[in-house]
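Reviewing the structure listed below.
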Amino acid sequence: MKLPKIFFRKLIIGAVLLAIATGMTAFIKESLDTQDPESALPIITVLYGDEEFVPDKEVRRAGWEWNFFLTQEKTPLLSPEDVPLQPVDVMPGAQMRILFTKEPSELRVMRAVSDKPTEYLELSDAGGGRFSTPTTPGLYFYKVRAEWSGRGFIQYYFALQVRELQI
């Protein structure tokens, strides 16, 4: 009869110690993440074929809001006019892909209605972060909004210069 009591006592002590260690780890991670919150955000990768867009040059983060365990951090949302964009030359009808280091629960890819990036329409063919570039040559502005359930969102802008197909 004593063997089961000792076993259960050790099991309960082990569970309590594990809970304490988990709480301490979460507290330490929270402290580190809130000291430099941008380093804790998921990272975007925009691919044109095998080419990767350069972060902070060809793909610009334009605001975010992120919930850590105990705190919420955010930056103001910027407009495309506030974010200097370097257009990337692409071919008409080329395949594009948007990936993140942590899969978002919702990913919206939007393209500006005109060459003035003030109004955007969501691309219906951008499921899973895959879409095709326009077939008509011109300058196109894109806005990407990725959301993570219970954590927050991040917004990005990039521009594509669709070139004429040379025959």
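The values are calculated or read from the model by the stated rules, or taken from the named source; none is laboratory data. The structure presented is a predicted model; accordingly, all values stated were derived computationally and were not measured. In this analysis, Cβ positions are derived from the backbone assuming ideal geometry, glycine residues included, and neighbour counts consider all displayed protein chains. All accessible areas refer to the heavy atoms of the entire protein, side chains included, with ligands and DNA or RNA removed. Shrake-Rupley method; radii C 1.70, N 1.55, O 1.52, S 1.80 Å.
Data for the structure
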| quantity | calculated |
| --- | --- |
| Packing-based order for 44-50, 4-10, using average beta carbon neighbours within 10 Å, highest first | 44-50, 4-10 |
| Placed amide H near Val59: partners under 5 Å, 5+ positions off or other chain | Val54 |
| Spin-label pair Thr71/Ala19, simplified geometry with 7 Å Cα→Cβ offset, distance in nm | 2.7 |
| For the chain: rounded, prolate or oblate by the Cα gyration tensor [a/c cutoff 1.5] | prolate |
| Cβ crowding within 10 Å averaged over residues, with 144-155, 64-75 ranked highest first | 144-155, 64-75 |
| Sulfur and carbon atoms: percent of accessible area, the chain [1.4 Å] | 57 |
| Two-decimal Rg to Rh for the range 34-99 - Kirkwood Rh, Cα set | 1.05 |
| Potential lengthening between Thr45 and Leu165 on full extension [0.36 nm per residue; Cα-Cα distance subtracted] | 40.6 nm |
| Charge dipole (the chain, unit charges on Cβ, about Cα centre) - positive-most of Gln155, Leu11, Phe69 | Leu11 |
| Length released on extending from Phe7 to Arg108, taking residue separation times 0.36 nm less the Cα-Cα span | 31.1 nm |
| Amide H contacts of Phe68 (H built 1.01 Å from N, under 5 Å, at least 5 apart or other chain) | Glu73 |
